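Take a look at the structure below.
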Amino acid sequence: TNIEVPSDHAITAILYQKAAEEHIKYLLMGTNLATEGINPSYWGEYNKDLRLIKGIHKRFGSGKITTFPTISLIQFAYYVGIKRIRHISLLNYVHYDRNEAIQELNEKLDWTSYGGKHYESVFTRFFQGYILPQKFGVDKRLGHLSTLIMSGQMTRDQAIEQMRLPVYPKETMEEDKEYCLKKLDLSERKFDELMAKPIRSSKDYPSNDWIFKRLSIIMKM
C-alpha cells in the first residue's frame, strides 16, 4: 500500500550518506505527531527496507539496480550506531498548529493550497486519491483527520464534513491519470489489468519488517 517506498528509500539513503560524508550529526525532518501521528501499520512499509525493494524488483522488475541510491540494514545500523547520526522531527518540539501555519504561509509567502496532504506531487495525488481507495479501500484522509482531532486542531464534525468531499475532482483525476500512465509507460488497458489483480501485501515478499519494528523499540528506549 505504499508505492512510494522506492523514492522515499532513495531520499533517505542520500541523506544519511551525505551526512556521514560531511560529518553532520543531525537531520532535521518535517514529520510531526500533531498532524500525522496516526497511520495504521498496514497502510505503509518501512522505506529503509532494502530487502523488500530488492525482493519485489527481482519478482517483477527488469534490468539491474545500479545507480539507484540504497541503504542496507547494516549501513543504517552503522550510520545510527557508529556515526551517531540522528533525525530530529523539529515540529515536535514547538507549538505546531496546521491552520496557523497555513495562515502564515498565505500571508508571508502568498502560498496557495494544493488541495490535500502531499497533493503537491501529481503522482502522490493520483496514488492516494485514486489507487489506494479504488484498489485497497484505503482513504488516507481518515488517518490525517483523526490526527487533527486528537491534537485538538479539528472537531469530529468538521472531519466528517471533510470526508464527505470527493478525494479530488474527477477532472483533475483524469488529467493526473493520463500524466502518470505516460510517465510509467503504461497503457490504460495494462493499468486496468493491474488494478484488477488480487491484492498483495509486503508480507508476500522477503522483508526485514520484523527487524525494523524491534529496532524502532530499541531506539525509542
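The values are calculated or read from the model by the stated rules, or taken from the named source; none is laboratory data. Keep in mind it's a predicted model, so treat the numbers as computed, not measured. Counting neighbours? That spans all protein chains shown, and the Cβs are built from the backbone with ideal geometry, glycine included. Remember, those area values only see protein heavy atoms, side chains included, never the ligands or the DNA or RNA. Shrake-Rupley method; radii C 1.70, N 1.55, O 1.52, S 1.80 Å.
Quick notes
- Scan of the stretch 146-166 for residues that are open to solvent by less than 40 Å² (accessible area, probe 1.4 Å) and in contact (Cβ under 8 Å) with a residue 40 or more places away in the chain, ordered by number: T147, L148, Q153
- Matching residues in the stretch 195-218 - criterion: being hydrophobic (A, V, I, L, M, F, W, C) and surrounded by 11 or more Cβ atoms within 10 Å (Cβ to Cβ): M195, I211, F212, L215
- Residue within the stretch 88-99 that is under 29 Å from Q17 (Cα atoms), aliphatic (A, V, I, L, M), open to solvent by 60 Å² or more (accessible area, probe 1.4 Å) and not in a helix (DSSP H, G or I) present: yes
- Members of the stretch 100-131 that are small (G, A, S) and open to solvent by less than 60 Å² (accessible area, probe 1.4 Å): A101, G116, S121, G129
- Only one of L91, L73, L52, L28 that is out of contact with any strand residue (DSSP E or B) (no Cβ under 6 Å at 6 or more places or on another chain) and farther than 21 Å from V5 by Cβ: L91
Conditions tested, residue by residue: (1) closer than 24 Å to S207 by Cα; (2) without any contact (Cβ under 8 Å) to a residue 60 or more places away in the chain.
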{"site": "P40", "(1), (2)": "yes, no"}
{"site": "R59", "(1), (2)": "yes, no"}
{"site": "T70", "(1), (2)": "yes, no"}
{"site": "G81", "(1), (2)": "yes, yes"}
{"site": "R84", "(1), (2)": "no, yes"}
{"site": "N92", "(1), (2)": "no, no"}
{"site": "Y96", "(1), (2)": "no, no"}
{"site": "E100", "(1), (2)": "no, yes"}
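- The single condition among (1) under 20 Å from S216 (Cα atoms); (2) open to solvent by less than 60 Å² (accessible area, probe 1.4 Å); (3) assigned to a helix (DSSP H, G or I) that T70 does not meet is (3).
- The C-beta contact set for the stretch 176-199 (first residue under 19 Å from G61 (Cα atoms) and among the polar types (S, T, N, Q), second residue at pLDDT 95 or above and part of a helix (DSSP H, G or I), distance under 8 angstrom, 6+ apart or interchain) comprises S187/L181.
- Test: residue in the stretch 55-63 that is open to solvent by 40 Å² or more (accessible area, probe 1.4 Å), in contact with a Pro (Cβ under 9 Å, 6 or more places away or on another chain), among the charged types (D, E, K, R) and more than 21 Å from V138 (Cα to Cα): yes
- Among the residues examined, G143 does not qualify as in contact with a Gly (Cβ under 8 Å, 6 or more places away or on another chain) and either buried (at least 16 other Cβ atoms within 10 Å of the Cβ) or of a type in the set (S, T, Y) (or both).
- Qualifying positions in the stretch 177-209 - of a type in the set (S, T, N, Q) and not in a helix (DSSP H, G or I): S187, S201, S207, N208
- Top-ranked residue of the stretch 6-61 - restricted to ones that are farther than 19 Å from H87 by Cα and outside any helix (DSSP H, G or I), ranked as modelled with the lowest pLDDT: G44
- Note on the stretch 100-128: residues that are assigned to a loop (DSSP other than H, G, I, E, B) and either touching a Leu at 6+ places or on another chain (Cβ under 7 Å) or more than 30 Å from E178 (Cα to Cα) (or both) amount to 1.
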